[in-house]
DNA sequence: GATATCTACTAAACCGGTTCAGTTGTTAAT
DNA sequence: ATTAACAACTGAACCGGTTTAGTAGATATC
């Protein structure tokens, strides 16, 4: 059976209390006694019972992550696996574990947070996909759950944020396209309820304004592939349609690129395309996608550390700013089409977009 | 402060023991007393302390999942998000949570399992990516951790398995290609240390043999995109190179298809391609990928249920067999190229494969 | 010398629940 | 009428750890 601190106390000839102080690096025992206790504990093969320790210390030794996204989206998003792997590297150093909940049904997200809090299953949570006026801030305050947010919410939040500014990446993409001679540069944005959906749009608009270009070529989508198709179709139907599109994520760039190709447009000859996130498959697209590369693993590591620091009272209270994402140029971006004399205009897309099987290459 | 069963006992005028029996549906209290206790507990807003409950009952009320894959692979694999979402639906009904660990460093996987077991953090684990002579079986027995395996391991295992036979999907892909007139059908397999890597290869070989076709066009890869490129290059270099390739996963099919295109081959004109897993992005490839669609959410749901049944002693001890995957035909497969008289042979791939930027479309 | 402070320990309370051994009352069987 | 069995409760032990209040001894200060 499991060795308890009573066994260690008996074998070392001290009280349980002394053993607890010794094993937890607390003052209250002499160095000699502490060493003896640690030695005996090691010899007996003592391992803490996290359940007993948790009850005594009112801690769970776990952090929570609730992901309220359709699993289909998760399966193409390189962010979460790397983010989780980053969290893991921090947790491994602190004997904490990650409690993950994927909550997609209506109301499931709130239920998941309540479940984590009510049962005392986690000591704090990491809040991803922060939204405009995010209701989770208030909920977590009500539940008295410590948290760290990814990026600074736009509403008052008592929780420290760990931020990675996507402004630079989007700005680099727009600048890259401007340098290639593009004037009509569109943006297919993610859901504008998300802070990161908005900030990417705002970064695009700012970079466009700085270059003296129009910022009306915007279509909102929802980070999904069908959403990317619909938004792309909308932009390509315009008389002043774009010769380049900056997408808010890789999946929409992929489906948008594919849609344009089915409409007879050449990428990047007629339309240049950039994505966001540098998903593994994007370098194998035809053509390989120009995209923006982030570092979700670092983000996960930093977020977990910030939350642990908060829990143990060593957090400075300040937000953490991580290194900005960088543009990764591949073959989906090229010089703007030249409207030369005698040249027919680029093919105009036909009809409504269809999500079904496109024509063969 | 939190309401405890002592508070409920006092308010209901009974002992703590009676409250425990009543709240847990145990015999030992009359119906009238039970109703009174339940009523009082509800009025007081009593919620169980999982920490106290866990210490008393020696349970964690959590299941563990250790994923020993590179996060890059996870970011393109639709399996795990959907699988985890499926687990979640079962756990939500039972007030259990999922403890997730992504372990990629050498030795990290074993450390992760030990961490889960030693701290009593989980009551059991779900074992995915089962390998040939999987060392985890013995480890889990040593750690006395109950488990459920995805698919039946090839070594003796005391744990129930929940299986989804990939034979039918691969067979359907081969049959589909045979019906299209293909004779030289290759297979780019995943790592043969994995049971699912082997079974997909064996299914391909069996379907080929049944069609009276040769089974030598095999190249092993590791489920990664670069691995898919290298294996594809190997097959395409052969004098008897395949006119179709059945890949063991979508990412390798994507990168293999892309590689073939950079070598001047037309997909599916010169080479038909099938994948596995139906990743979200595959329908937006150029051309959209023919693939095999599985139901990982159902798998997750069933695996979690099997493990919970095992934990509560209601498991029959038998393996569970889930519905087989199905072939999803898109545009990456077409009729075999016809070696007509006077027609030049299809272009031969040139030199070593390069993972860098392919030519534009 | 007397008093105050500090260190190093102790036993016991506490965390909030589950289970066990015991008591009492009721009912059924002999 | 007596005995046995059962149901409905009880208080206490237990789970394995952390913290608190207390004690004794040593040292420093007045």
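Any read-out appearing in this document is the output of simple, stated calculations on the displayed coordinates, not a laboratory observation. None of these values were measured; they are calculated from a predicted model. Cβ atoms come from the backbone with ideal geometry, glycine included; neighbour counts cover every protein chain shown.
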Inter-copy label distances at residue A:152 (7 Å, Cα→Cβ; nm, one decimal): 6.0
Calculated SAXS-style log₁₀ I(q)/I(0) at q = 0.23 Å⁻¹ - the range B:108-178, Debye, Cα scatterers: -0.98
GNM flexibility winner over chain B from B:279, B:173, B:248 (Cα, springs under 10 Å): B:279
Rg and Dmax of the range A:1-142, Cα atoms only, in Å: 20.3, 60
Cα pair distances of the range B:5-48 binned at 10 Å [whole percent]: 35, 62, 4
Using alpha-carbon coordinates, inclination of helix B:250-262 to the longest axis of chain B, degrees: 20
Contact order relative to length of chain A, as percent, for alpha carbon pairs under 8 angstrom and 6 or more apart: 17
Cβ-vector label at 7 Å, residue B:264, separations to other copies in nm: 2.9
Within a Gaussian network of chain A (alpha carbon springs, distance under 10 Å), most fluctuating of A:106, A:81, A:226: A:106
Alpha-carbon centroids, the range A:86-154 and the range B:57-114: separation in whole Å: 17
Sequence-separation-based contact order of the range A:167-293, relative, with Cα cut under 8 Å and 6+ spacing, percent: 25
Whole-angstrom Cα spans of the range A:167-293 along principal axes, big to small: 32, 29, 23
Inter-label distance, nm, simple model (7 Å from Cα along the C-beta direction), residue B:93/residue B:167: 2.9
Column: log10 I(q)/I(0), Debye, Cα scatterers of chain B, q = 0.07, 0.08 Å⁻¹: -0.41, -0.51
Range of Cα positions in the protein assembly as shown per principal axis (Å), largest first: 93, 66, 59
The range B:277-341, relative contact order in percent, only Cα pairs under 8 angstrom and at least six apart counted: 47
Rounded to 5, the percent of DSSP beta bridges in chain B classed as antiparallel: 10
Among beta bridges that DSSP assigns inside the protein assembly as shown, antiparallel share in %, nearest 5: 15
Pairs of alpha carbons in the range B:34-101 whose separation is greater than 19 Å (percent): 55
Label distances, nm, residue B:93 versus same residue in remaining copies, Cβ-directed 7 Å point: 4.2
Mean-position separation - Cα centroids, the range A:268-293 and the range B:267-323, in angstrom: 27
Of A:64, A:28, A:189, the one that fluctuates the most in a GNM where chain A has Cα springs shorter than 10 Å: A:28
Estimated 222 nm signal from helices in chain B, with DSSP H stretches of n ≥ 4 weighted -39500 (n - 2.57), rounded to 500: -12500 deg cm²/dmol
